[in-house]
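Right, one structure below, let's go through it.
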Amino acid sequence: MVMKKFVPCIYLYHGHAVRRMTDLTVVETDPLRLVRLYNENNADGLIVFDMSKDDAEQEEALDIIKEICAEAEMEVIGAGNIKRMEDVKKLLYAGCRRAVLDYTKESNIAITREVSLKFGRDKILASYEDADVVQASRGELEQYVSGLLLMNPHQIRETENATSLPFFVQVNQIALNKLMEIFSHDAVCGVTGNAINDNYKDILALKGLCRENGIQVETFEAAFKWDDFKKNPEGLVPVIVQDYRTREVLMMAYMNEEAYDQTTRNGRMTYFSRSRNSLWLKGETSGHFQYVKSLTADCDMDTILAKVSQVGAACHTGARSCFFNEITRKDYEEASNPLLVLGEVLDIIKDRKVHPKEGSYTNYLFDKGLDKILKKLGEEATEIVIAAKNPNANEIKYEMSDFLYHMMVLMVEKDVTWEELAAELANR
């Protein structure tokens, strides 16, 4: 059976979230606020419908979609305003994991094969209102898209008869028993629309109801029970918290059984505060939530390592990490962490652009502009090719470093981050 997903959506129009495509009532002026709410309530994904009407509006919408993708702790699917392959590319480059072709438009049907071969079948979905469209294009859909988005909940059975592809269903209003009925269809992989938007606070409870009805949903399933852990004399287990991207150690706290159960149930780090003698949902007052990426017990089952996505600062002082009071230190050569080194160099280049330094080669490049930066990048690429033909390994390392530096200057000039590049590479 397909894993069922609760997927809210944002109908993006003129920078705001509106009620639906046929109702332009503004429901939220700041779409990022909605994203944070969906993060906090364990949504399984997010569909963003770009309702822009022309190229200028589309560029503005893409800037917001880029911010949405950076903020979202879930898969973001981009839909709407696709007219050509370039529009699919823009959505994927903005950070969307998948893009939706609107099969009510002949132009979208026509580019299916092209975009699928370019970006991969797994990046493409198709939306429709009438299952006859699916039936008519069944062969092409099953070859070139990974799933469907049904915009009309009255066409579920007809869709199942037309294809074996999994599909999301957009639903605007629905009774609880009807929602369970929709999820009971084997090919339905998720529900989106205002039925989810209006009830996002109940997603956890709805998932519990699904499990009670034998419907598989995405939850944190703990491989170990609380009784499996060795507790300290206070009946607690220490938790080391680490940033899942940088591996930076952020903090240490404790869990009791209730904190462990809540963490594994809702996917947000919850601790037991010894000073307050109460549960402590990290970020409840500060907004600096920690979203669970993984929990791992050590060999003795007496300590937990939590890898998290940290919102804001982990420390109550406002510091990123709680570990900043150096006690003693012996001089040593720090092992190079490639991610940290690249991040530090990029930060220096960013600072040079904001705070120019006389005689700086970096500022010289910025002053000369994009064409000069691109010229140097091209020259360095050629130097790599030449160095690769030379048996001296040091030469190619030198030229690659030069290329990377100039590439980072271009990244700053075009406002591209390492996180965005890493996400794009990971998606490939």
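The values are calculated or read from the model by the stated rules, or taken from the named source; none is laboratory data. A quick note: this is a predicted structure, and the numbers were derived from the prediction, not measured. With ideal geometry, Cβ positions are generated from the backbone for all residues, glycine too; neighbour counts draw on all protein chains shown. These area figures cover heavy atoms from the full protein model, side chains too; ligands, DNA and RNA do not enter into them. Shrake-Rupley method; radii C 1.70, N 1.55, O 1.52, S 1.80 Å.
Please compute the length gained on full extension between Thr382 and Glu395, using 0.36 nm multiplied by the number of residues separating them and subtracting their Cα-Cα distance.
That works out to 3.4 nm of additional length.
Only helical DSSP H runs with n ≥ 4 go in: add -39500 (n - 2.57) per run for the chain, normalise by residue count and round the 222 nm mean residue ellipticity to 500 deg cm²/dmol.
Value at 222 nm, helices only: -12500 deg cm²/dmol.
Per residue, what accessible area does the chain have, given a 1.4 Å probe and all protein chains present, in Å²?
With the other protein chains kept in place, the chain gives 53 Å² per residue.
Quote the FRET efficiency, to the nearest 0.05, computed for Lys53 versus Ser273 with a Förster distance R0 of 51 Å and r equal to the Cβ-Cβ distance.
0.50
What distance in nm separates the two pseudo spin-label positions at Glu234 and Lys201, each 7 Å out from Cα along the beta-carbon direction?
Distance between label points: 3.2 nm.
Quantify, in whole percent, the carbon and sulfur part of the accessible surface of the chain (1.4 Å probe; protein heavy atoms only).
Carbon-and-sulfur percentage of accessible area, whole number: 50.
Can you tell me how much longer the chain between Gln135 and Leu32 gets when fully stretched, taken as 0.36 nm per residue apart minus their C-alpha distance, in nm with one decimal?
33.3 nm
Say a paramagnetic label sat at a point 7 Å from the Cα of Leu374, along Cα to Cβ; which residues of region 347-365 have their backbone N under 18 Å from it?
Under cut-off, by backbone N: 365.
Could you tell me what percent of the DSSP beta bridges with both partners in the chain are antiparallel, to the nearest 5?
In the chain, DSSP labels about 40 percent of beta bridges as antiparallel.
Based on the Cα atoms of the chain, what semi-axes does the equivalent ellipsoid have, where each is the square root of 5 times one gyration tensor eigenvalue, given in whole Å with the largest first?
Whole-Å semi-axes of the equivalent ellipsoid: 39, 35, 20.
Work out the FRET efficiency for Glu257 and Glu160 from their Cβ-Cβ distance, taking R0 = 41 Å, and round it to the nearest 0.05.
About 0.45, to the nearest 0.05.
Convex hull volume of the Cα atoms in region 1-85, per residue, in Å³?
112 Å³
Can you pull the one-decimal nm distance between simple spin-label points at Ala297 and Glu413, each 7 Å off the Cα toward Cβ?
5.5 nm
Points 7 angstrom from Cα along the Cβ direction at Phe324 and Met85: gap in nanometres?
Computed distance between label sites Phe324 and Met85 equals 4.9 nm.
Largest first and to the nearest Å, give the Cα extent of region 236-315 along each principal axis.
30, 26, 22
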